[in-house]
């Protein structure tokens, strides 16, 4: 068993959709980034890549690469699990926390779990997602950004015998 931790943060701006865990959430602001800036998925990618000692999201999907401009990050999560599988790893589970003052995210948790599970080729009960505020403190509390942290547990895939 191996564990990895990921963290991501992006600025909130008007004129962009808010995408978290592969789900578009109605809100007056969205996250600014080269891709859809999905902090939850970015943190999950980093946690998975770190657990497998494969670097980080910027190593595999650099923000200067036009192939990834505007991409839905949930696609990157699918590519990430493929990288792990190529190295003989399988996901055990993910646990994540989103830090956001608004909007309330509980109504979208199930959809986010399912979207991430689909990308990771697993079941939603292997994906834990929580959200919290920062009680009005800092840039997140001021509504200027969002962040996410994620831990991932992976294991060596069982070898098929011939």
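Table for the structure above
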{"quantity": "Members of segment 99-114 found to be in contact with a helix residue (DSSP H, G or I) (Cβ under 8 Å, 6 or more places away or on another chain), assigned to a helix (DSSP H, G or I) and either over 19 Å from residue 7 (Cα atoms) or free of Cβ contacts under 8 Å to residues at least 60 places away in the same chain (or both), listed by number", "calculated": "110, 114"}
{"quantity": "Positions within segment 41-59 being touching a helix residue (DSSP H, G or I) at 6+ places or on another chain (Cβ under 7 Å), surrounded by 15 or more Cβ atoms within 10 Å (Cβ to Cβ) and either in a helix (DSSP H, G or I) or on the phi > 0 side of the Ramachandran plot (or both), in sequence order", "calculated": "41, 42, 44, 45, 46, 48, 49, 57"}
{"quantity": "Cβ pairs under 8 Å, 6+ apart, first in segment 15-31 and on the phi > 0 side of the Ramachandran plot and modelled with pLDDT of 95 or more, second crowded, with 20+ Cβ neighbours inside 10 Å and part of a loop (DSSP other than H, G, I, E, B)", "calculated": "21/38; 22/38"}
{"quantity": "Residue within segment 86-98 that is in a helix (DSSP H, G or I) and over 10 Å from the mean Cα position of the chain (by Cα) present", "calculated": "yes"}
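The values are calculated or read from the model by the stated rules, or taken from the named source; none is laboratory data. Computed from a predicted model, the values in this text were never measured in an experiment. All Cβ positions, glycine included, derive from the backbone under ideal geometry; neighbour counts span all protein chains shown.
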